[in-house]
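Asks: Mind looking over this structure? Questions follow.
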Amino acid sequence: MGTVFRLSPGSTKDGPGLRYVVYLKGCNFSCLYCGNPESWSPGRTVMIHEERLRDAEAAAACPSRAIRRDTGGYRVDRELCGACRSFDCAEACHDGSIEVVGETRRVDKIVAAAEEMKRLAERIGESGIRVIRT
C-alpha cells in the first residue's frame, strides 16, 4: 500500500519519452522551493491552487479562517491551513481550486494501470498516429 499524491499518466515532463508517473505522499526532504509542499505529509491533505482560488463559499467553509479575501482574489495562511485536519473547504469548493490529495492505493493496482497505459501507447504507435510534443 502507498499513499498517492498524484497520478500523471502520459507525462512528458521530467525527462524524455512518455511515461506513467506516480507521485507519492510522505516526502521528507522539505525543500525550500518545493513545488508541491502538500506532498510532504504522508496522509490526506488539502491542496489549494491559490492563483485560481475565487470561491467565496470555500473560503467561508474554512474552519481555521486560513483563507482570506485579498486584492485580486484570496490568500491562504499556510500555517493555519496546515494545522487544520478538516476538508470542509474542499467539499464546499466549486471551482476546483481546492482539492483533497492523498489516496491509499495498492501497488499491484498502480502497476496494472501503468501497464494498461503502456499497452495503449503501444497500440497508438502501431496505428501510425504521430504525437507531436509542444
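Asks: Give me the percent relative contact order of segment 46-97, please, defined on Cα pairs under 8 angstrom at least 6 residues apart.
Replies: 48 percent
Asks: Would you mind calculating the gained length between residue 105 and residue 92 on full extension (0.36 nm times residue separation, minus the Cα-Cα distance), in nm to one decimal? Kindly include the intermediate steps, with their values, before the conclusion.
Replies: Details: separation 13, 0.36 × 13 = 4.68 nm, distance 2.52 nm.
Result for the pair: 2.2 nm of gain on full extension.
Asks: For segment 17-41 and segment 69-134, write down the distance between their C-alpha centroids in whole Å.
Replies: Rounded to whole Å, the Cα centres lie 12 Å apart.
Asks: Along the Cα→Cβ direction, 7 angstrom out, place labels at residue 56 and residue 130. What is the inter-label distance in nm?
Replies: If labels sit at residue 56 and residue 130, their model points lie 5.2 nm apart.
Asks: Could I ask something else about it? Using only the Cα atoms, what convex hull volume per residue in Å³ does segment 22-134 have?
Replies: On the way: hull volume 18.6 nm³, N = 113.
So the per-residue Cα hull volume is 165 Å³.
Asks: Report the trypsin sites (Lys or Arg not before Pro) located in segment 79-134 that are in a DSSP loop and have at most 11 other Cβ atoms inside 10 Å of their Cβ, or state none. Mind showing how you got there, number by number?
Replies: Details: sites: 85, 105, 106, 109, 118, 119, 123, 130, 133; in loops: 85, 106, 130, 133.
Loop-located and lightly packed - 85, 106, 130, 133.
Asks: If you don't mind, another one. Suppose only helical runs count, i.e. DSSP H with n ≥ 4. What mean residue ellipticity at 222 nm does that imply for the chain under -39500 (n - 2.57) per run, divided by all residues and rounded to the nearest 500 deg cm²/dmol? Intermediate values should be presented prior to the final figure.
Replies: Details: 4 runs with 37 residues, N = 134.
The helix contribution divided over the chain gives -8000 deg cm²/dmol.
Asks: Hey, another quick one. Subtracting the Cα-Cα distance from 0.36 nm times the residue separation, let me have the gained length for residue 49 to residue 4 in nm, one decimal. Can you show the working numbers first?
Replies: On the way: separation 45, 0.36 × 45 = 16.20 nm, distance 1.83 nm.
Extending this stretch completely gives an extra 14.4 nm.
Asks: Normalised by the residues of segment 55-129, what does the relative contact order come to in percent, with Cα pairs under 8 Å and at least six apart? Display every interim value, and only then the final one.
Replies: Working: 50 pairs, mean separation 20.0, N = 75.
It rounds to 27 percent for segment 55-129.
Asks: Just need the Rg to Rh number for segment 46-97, please, alpha carbons only, Kirkwood Rh.
Replies: With Rh from the inverse mean 1/r over Cα pairs, Rg/Rh is 0.90.
Asks: Which angle between 0 and 90 degrees, to the nearest 10, do you get for helix 107-126 versus the longest principal axis of the chain when only C-alpha atoms count?
Replies: Roughly 50 degrees between the two axes.
Asks: Could you check the simple spin-label distance between residue 28 and residue 77, using points 7 Å along Cα→Cβ, in nm with one decimal?
Replies: If labels sit at residue 28 and residue 77, their model points lie 3.1 nm apart.
Asks: Over the chain, calculate the relative contact order: mean separation of alpha carbon pairs under 8 Å at least 6 apart, over the residue count, as a percent. Walk me through the intermediate numbers first.
Replies: Numbers: 180 pairs, mean separation 36.7, N = 134.
Dividing the mean separation by the residue count of the chain yields 27 percent.
Asks: Just 11, 39, 64 to compare: in a GNM of the chain, with alpha carbon springs under 10 Å, which one fluctuates most?
Replies: Looking only at 11, 39, 64, the largest GNM fluctuation is found for 11.
Asks: Still on this model: Could you give the length gained on full extension between residue 65 and residue 118, defined as 0.36 nm per residue of separation minus the Cα-Cα distance, in nm? All intermediate terms of the calculation are to be shown ahead of the outcome.
Replies: Details: separation 53, 0.36 × 53 = 19.08 nm, distance 4.44 nm.
Full extension from residue 65 to residue 118 adds 14.6 nm.
Bear in mind that the values in this text are calculations on the coordinates, not laboratory data. Because the structure is a prediction, the values reported are computed rather than measured. Note that we place each Cβ from the backbone using ideal geometry, even for glycine, and neighbour counts take in every protein chain shown.
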